[in-house]
1. Of the numbered conditions (1) under 12 Å from B:Y95 (Cβ atoms); (2) in contact (Cβ under 8 Å) with a residue 60 or more places away in the chain, B:G173 fails exactly one; give the number of that condition.
2. Could you please tell me which pairs satisfy a Cβ distance under 6 Å, a separation of 6+ or placement on different chains, a first residue in segment B:16-30 that is away from chain A (no Cβ under 14 Å) and charged (D, E, K, R), and a second residue that is assigned to a helix (DSSP H, G or I) and within 12 Å of DNA strand D (Cβ to nearest atom)?
3. Quick test of your reading of the structure: B:H8 fulfils all but one of (1) modelled with pLDDT of 95 or more; (2) farther than 20 Å from B:Q67 by Cα. Name the failing condition by number.
4. Looking at B:S154 and the list (1) more than 7 Å from chain A (Cβ to nearest Cβ); (2) not in a loop (DSSP other than H, G, I, E, B), which single condition is not satisfied?
5. Can you tell me which residue among B:N102, B:N59 is closer than 23 Å to B:E18 by Cα, more than 16 Å from DNA strand C (Cβ to nearest atom), out of contact with any helix residue (DSSP H, G or I) (no Cβ under 6 Å at 6 or more places or on another chain) and open to solvent by less than 60 Å² (accessible area, probe 1.4 Å)?
6. What's the number of the condition B:K89 fails, among (1) within 16 Å of DNA strand D (Cβ to nearest atom); (2) within 14 Å of chain A (Cβ to nearest Cβ)?
7. Is segment A:71-89 home to any residue that is in the same structural domain as A:L106 (by TED's automatic domain parsing), touching an Asp or Glu at 6+ places or on another chain (Cβ under 7 Å) and under 22 Å from A:A175 (Cβ atoms)?
8. Quick one: how many residues across segment A:6-32 are part of a loop (DSSP other than H, G, I, E, B) and either more than 8 Å from DNA strand C (Cβ to nearest atom) or buried (at least 17 other Cβ atoms within 10 Å of the Cβ) (or both)?
There are 2 protein chains.
Amino acid sequence: MPNQNYHHGDLKTELIKEGIKLLNSEGYEGVSLRKIAKACGVSQTAPYRHFKNKDDLINAILMEAMQDFSQSLGKPAEEYAADPQKQLKAIGLAYIEFFSKNPDYLKLLFSSDLLDKLNTESQLAFHSKSRHFETGHPFAIFYHAVKNYAASSSENTMSEQELLLYCWGLVHGIAVLLTNTSKLPFEGDYLAIAKSLLESEEFLR
Amino acid sequence: MPNQNYHHGDLKTELIKEGIKLLNSEGYEGVSLRKIAKACGVSQTAPYRHFKNKDDLINAILMEAMQDFSQSLGKPAEEYAADPQKQLKAIGLAYIEFFSKNPDYLKLLFSSDLLDKLNTESQLAFHSKSRHFETGHPFAIFYHAVKNYAASSSENTMSEQELLLYCWGLVHGIAVLLTNTSKLPFEGDYLAIAKSLLESEEFLR
DNA sequence: ATAATATGTTGACAGTGAAAACATTGCGTG
DNA sequence: CACGCAATGTTTTCACTGTCAACATATTAT
């Protein structure tokens, strides 16, 4: 029977859980190791038994978040598996919607080294289709949809790399802008605009 | 005759200058008020006589940076003033190239509240053409090029808002991705890819 | 010249990430 | 079962950060 006041039981996963909670409640800037530790009812330095440093914890949190993300992209990927273009467009929209709902993930993702780590640790994960929903590269689904479309479309004249940059860039850029609507020059339902944009022929005819 | 050890003379502008230097040398994470103050040979709290807080100084630094940015966009804007499509494409490329060379500005820009401030303080600046190069909204040039193209093109079927989201989103997204090339799945000269992409008919035919 | 103001300094405080030294628990091996 | 070692948690401490209050000095206006 474990002493309730010392060994915690499953601190590692609870740190991640409380980290996500804190991120959602206080936002990107409000996340600190000490707060997370306190939320778990544990000393300030306890997290260091489970994570090398703050960025390591952040990466673990993101890993969790990217699971949601992968699922959000996976749904349209399956639904429109038969039509590569429709699939790609639907995935793009899901990408935008996800970060629109979770703006802090976007900031976190590009200020941590999660993606670098994933790229070096498991280059495979990005290219293999099987592991997307686990620990693989969160953008693999997107990447495969792009490859799929490139292979299927007779209209497309872009190289695979161009196409990836085009699709990912557009979708990511819109996501960034939408999480900063106050930075945009006029008001409006930008999410709706983004939707009609992706569905139009201007993007992938 | 000013005492050399007390009143500094022109601390405010030197703080900005040293701030930019620090940003370029140590990167986004390495910027702190205290370091900037020390670089100016002044006490830690001296900056508070000229700036309300850190974000205020950061905004001033960005203001300076955005001047460069505006000029980088202004050059192709003038060069291709006669051909709205070419102009828009050239501006887009300049946008990408600028942040590709100054990746830290990109991070800073979207983690400060500069754009919000500009939008509330001078909504006009974004819409008027005359003040771009001074204190106006740094994206006004881009915006005007979009409007220009929308008005001139008979091919374009998008609304002005759609078009802005499309162009700005694409260009911004690519800029973000290029400043994180290590996050991309394969290696290559992404800047060159981006260039050929913008020039292709896939983007604004 | 003197008062008001602008500008700079000192010292302090709370919050942060991190390391070192120490304490407690639980597990594996004899 | 007992013992020792590894895992996990705590305390203490450090350097660094942004910011404030109180004080000092210079500049400017009256």
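1. With respect to (1) under 12 Å from B:Y95 (Cβ atoms); (2) in contact (Cβ under 8 Å) with a residue 60 or more places away in the chain, B:G173 is out only on (2).
2. Going by the 6 Å Cβ cut-off, the qualifying pairs are B:E18/B:I36; B:E18/B:A39.
3. B:H8 satisfies all of (1) modelled with pLDDT of 95 or more; (2) farther than 20 Å from B:Q67 by Cα except (1).
4. Only one criterion is unmet by B:S154, namely (2).
5. Details: B:N59 fails: out of contact with any helix residue (DSSP H, G or I) (no Cβ under 6 Å at 6 or more places or on another chain).
Just a single option satisfies the conditions, and that option is B:N102.
6. (1)
7. Going residue by residue through segment A:71-89, those that are in the same structural domain as A:L106 (by TED's automatic domain parsing) are A:71-89.
Checking which are touching an Asp or Glu at 6+ places or on another chain (Cβ under 7 Å) leaves us with A:89.
From what's left, under 22 Å from A:A175 (Cβ atoms): A:89.
Yes: one or more hits.
8. Going through segment A:6-32, the residues part of a loop (DSSP other than H, G, I, E, B) turn out to be A:6-10, A:27, A:31-32.
Of the ones still in play, those that are also either more than 8 Å from DNA strand C (Cβ to nearest atom) or buried (at least 17 other Cβ atoms within 10 Å of the Cβ) (or both) are A:8-10, A:27, A:31.
So the count comes out to 5.
The values are calculated or read from the model by the stated rules, or taken from the named source; none is laboratory data. This one's a predicted model, so the numbers in the text were calculated from it and none came from an experiment. Reconstructed Cβ throughout: ideal geometry from the backbone, glycine too, with neighbour counts over all protein chains shown. SASA here: full protein model, heavy atoms, side chains in, ligands and nucleic acids out. Shrake-Rupley method; radii C 1.70, N 1.55, O 1.52, S 1.80 Å.
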